[in-house]
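Undergrad: Just dropping this structure here.
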Amino acid sequence: MKQLLIFIRKETYHIFRDKRTLLILLGMPMVQVLLFGFAITNEITNARIAILDQSKGEMSRNIIQRFTASGYFEIDENLQSLSDIERHFRQGKTKLVAVFPPQLEENMKRNVPAKIQLVADATDPNTATTLINYASAIIGRYLQEQSHGQAVPLAINTEVKMLYNPRLKSVYMFVPGVITIILMLMSAMMTSIAITREKELGTMEVLLVSPLRPSTIIIGKVIPYIVLALAMAAIVLLLGAFVFNMPIRGSLVLLIAECVLFVITSLSLGILISTRTETQQVAMLISLMALMLPTILLSGFIFPIESMPKVLQILSNIIPAKWFIIIIKNVMLRGTGFSFIWKETLILLGMAMFFIAASIRNFKIRLA
Amino acid sequence: MSNQFAIDIQGVSKRYGKDVQALDEVSLQVRPGELFGLIGPDGAGKTTLIRILATLLLADEGQATVDGWDVRKDYKQIRRNVGYMPGRFSLYQDLSVEENLTFFATIFGTTIRENYDLIRDIYGQLEPFRTRKAGKLSGGMKQKLALSCALIHKPSVLFLDEPTTGVDAVSRHEFWEMLQRLRQKGITILVSTPYMDEASLCERVALIQKGRILSIDTPANIVGSFDKPLLAIRTDDMYRLINDLRQFESTHSAYPFGDYVHLALDGPIWAEAVHAYLVGKEHTGIEIKPAEVTIEDSFMELMSKE
């Protein structure tokens, strides 16, 4: 026990005396959250669009006015003919052109289906879809208002209610994602170089010729980093809450406890990497490169797992981040309690124990 | 398993890959309380042998015991009871002198106070700097700290791998004095060094070259085994001198030795004969004197026989 305590103390000295690394470790989550928060967003404001108004009636004027009033669009140019559309897109000035046909008003009055054409530049499909959705919604709402009082036969109005994130803010998606990725990568990286550094500096040689047990070395390396990783989690959560108004609806204690569990899982994965590698560089490459892609792609952070091919869906089960994202979204957004996430928690716990056991088994008690 | 030797090595071999034979059937015994030197040039296999004894490497063939414990089976007991100081400075550079020592004392289940007697001579000199980071110490002080850390748990056997490499002459001298004092306290010491002059400070030495032991004996006996007349020679053109001497008919061997060339002769030959030969070769500033045999001469002689 005394051995473990002094080992933890030694590791703590290493962490706090290396001021530059400490600064990077704590500064990185901050930069990442701000970058993700401000740069990566699916919301669109003030998109430049063009109008080809051939009807020049009251109706088209009203719709155009609603476009500009919505805050989503800004009219860039009023086009004169259909041939202008192509030219306009090629110049890359706008992403969307709304075309109002000449007989728009007469058709409406005669109850003949009227058509408004929305032409979008789909080189960026996500933006195009979003713009089309926004524009159709505005037109739809206008038409609904116009038909007010008149019977519109056979018209079915769908009413959509977005639960837990009514305004579909992307911050609700990325804060849990960023916490997960930062905790995963940074934790794994920190501990993966912790043992290889001792190998490189030659201090491992001296540790080996001592009564220290592999389990003491490994647990002694993991414990001090838990605190550091939790500090990172706190930074991300605080930034999410105060800069991006991310709610924490569930129990804070539960959230922290789950973070601790996930951090231990990631730290032990890092330790496992470092028992199998000889140099800090290799360890860092493996923990960053080899973990980064699966963690981002297969965790459900950006791409929904349900829409992946079966093979990838099965593969995603071994990614610790997948389970943590489920847990953290439940706790933060839905405000659910432990009874809803015990299964995921158990899976993470199992993974952590597996990594630690494998590290102790793989720990080389000799050089070479 | 009882054994009268503190270290007993029987036919130990070790290869790295296919081509490098680091150790080739090495056998040697060190008695309890002995200060034993492992002398040889870089790459001779000294570090490999010490690492095998410190249970850090496994030998491919052969057996070895330390304090009667087998280096393969009983590695846990050995690790508890020996002190090991690797060739490279291997303490925590970002920890202070005192923190390093406390750390090593604690992991061996002891305290600085408990074994302070043993390290007083060595650590006493470091105490004024005990809050200084180990990385900021001078070379000599680093060695003293490393030795203190290796001794803090009162080991029965101490392995020192080239402890004086890269240390200034004064610190080297001090270091060997410390080893002499430790020996008086009954600790068996196996120390490796590439410096021949340090061999005479050991009780017994093993000369090792290319993974083979050339000779194991007391320094005096090794020097005494050199049975040829030896001359120290100097002229103005040292490079040509060696080549010319090697062509001299009575020459057994000629090696550079400091400012001189040590010339070993096959039979009793007057120095004047050598002088005359060199004059004939148009050397100037010739100086010839009888030389005292050193361990290095013996080592060169043993090496050339191999």
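Undergrad: Being touching a Phe, Trp or Tyr at 6+ places or on another chain (Cβ under 7 Å) and within 20 Å of B:Leu158 (Cα to Cα) is the filter here; which residues of segment B:1-38 pass it?
TA: B:Gln29, B:Val30, B:Arg31
Undergrad: Separate question: State yes or no: is A:Met189 at pLDDT 75 or above, open to solvent by less than 20 Å² (accessible area, probe 1.4 Å) and touching a helix residue (DSSP H, G or I) at 6+ places or on another chain (Cβ under 9 Å)?
TA: no
Undergrad: Would you list the helices (runs of 4 or more DSSP H) that sit entirely within segment A:1-91 and hold 1 or more residues that are open to solvent by less than 50 Å² (accessible area, probe 1.4 Å) and closer than 30 Å to B:Leu101 by Cα?
TA: By residue number, A:2-17, A:19-39.
Undergrad: Could I ask something else about it? Please enumerate the residues belonging to segment A:23-55 that are free of Cβ contacts under 8 Å to residues at least 12 places away in the same chain and over 22 Å from A:Tyr134 (Cα atoms).
TA: Across segment A:23-55, the qualifying residues are A:Leu23, A:Ile24, A:Gly27, A:Val31, A:Leu35.
Undergrad: Read through the list (1) open to solvent by 10 Å² or more (accessible area, probe 1.4 Å); (2) under 22 Å from the mean Cα position of the chain (by Cα); (3) more than 11 Å from chain A (Cβ to nearest Cβ), then give the number of the only condition that B:Phe89 fails.
TA: For B:Phe89, the failing item is (3).
Undergrad: Can you work out which of the residues in segment B:106-156 that are away from chain A (no Cβ under 14 Å) and of a type in the set (Phe, Trp, Tyr) is nearest to the chain's Cα centre (by Cα)?
TA: For segment B:106-156, the residue satisfying everything is B:Tyr123.
Undergrad: Among the residues of segment A:4-60, write down those that are within 14 Å of chain B (Cβ to nearest Cβ) and touching a Phe, Trp or Tyr at 6+ places or on another chain (Cβ under 9 Å).
TA: Correct list: A:Ile6, A:Phe7, A:Arg9, A:Lys10, A:Glu11, A:Tyr13, A:His14, A:Ile15, A:Leu22.
Undergrad: Let me ask something else. For segment B:204-227, enumerate the residues that are open to solvent by 50 Å² or more (accessible area, probe 1.4 Å) and not in a strand (DSSP E or B).
TA: Of everything in segment B:204-227, those that are open to solvent by 50 Å² or more (accessible area, probe 1.4 Å) and not in a strand (DSSP E or B) turn out to be B:Lys210, B:Ala220, B:Asn221, B:Gly224, B:Ser225, B:Asp227.
Undergrad: Return the residues of segment B:92-105 that are within 8 Å of another protein chain (Cβ to nearest Cβ) and hydroxyl-bearing (Ser, Thr, Tyr); say none if nothing qualifies.
TA: B:Tyr92, B:Thr102
Undergrad: Still on this structure: Scan segment B:57-72 for residues that are of a type in the set (D, E, K, R) and either over 15 Å from B:Gln10 (Cβ atoms) or at the interface with chain A (Cβ under 8 Å from one of its Cβ atoms) (or both) and jot them down.
TA: Once the filter is applied, which keeps residues that are of a type in the set (D, E, K, R) and either over 15 Å from B:Gln10 (Cβ atoms) or at the interface with chain A (Cβ under 8 Å from one of its Cβ atoms) (or both), segment B:57-72 yields only B:Asp67.
Undergrad: Pull up segment A:350-367, narrow it to residues that are exposed (fewer than 14 other Cβ atoms within 10 Å of the Cβ) and within 24 Å of A:Ile325 (Cα to Cα), then point me to the one that is farthest from the other protein chains (Cβ to nearest Cβ).
TA: Restricting to residues being exposed (fewer than 14 other Cβ atoms within 10 Å of the Cβ) and within 24 Å of A:Ile325 (Cα to Cα), the top hit is A:Gly350.
Undergrad: If you don't mind, there's one more thing I want to ask. Which residue, of A:Leu285, A:Leu291, is open to solvent by 70 Å² or more (accessible area, probe 1.4 Å) and among the hydrophobic types (A, V, I, L, M, F, W, C)?
TA: Of A:Leu285, A:Leu291, the one residue that is open to solvent by 70 Å² or more (accessible area, probe 1.4 Å) and among the hydrophobic types (A, V, I, L, M, F, W, C) is A:Leu285.
Undergrad: Could you say which residue among A:Thr191, A:Thr180, A:Thr196, A:Thr216 is within 14 Å of chain B (Cβ to nearest Cβ) and not basic (Lys, Arg)?
TA: A:Thr216
Undergrad: When A:Ala98 is evaluated against the numbered criteria (1) surrounded by 16 or more Cβ atoms within 10 Å (Cβ to Cβ); (2) in a helix (DSSP H, G or I), which criterion, by number, is the only one it fails?
TA: Against the list (1) surrounded by 16 or more Cβ atoms within 10 Å (Cβ to Cβ); (2) in a helix (DSSP H, G or I), A:Ala98 comes up short only on (2).
The values are calculated or read from the model by the stated rules, or taken from the named source; none is laboratory data. Bear in mind the structure is a predicted one, so any value in this text is a computation, not a measurement. With ideal geometry, Cβ positions are generated from the backbone for all residues, glycine too; neighbour counts draw on all protein chains shown. For accessibility, only protein heavy atoms count, side chains too; no ligands or nucleic acids. Shrake-Rupley method; radii C 1.70, N 1.55, O 1.52, S 1.80 Å.
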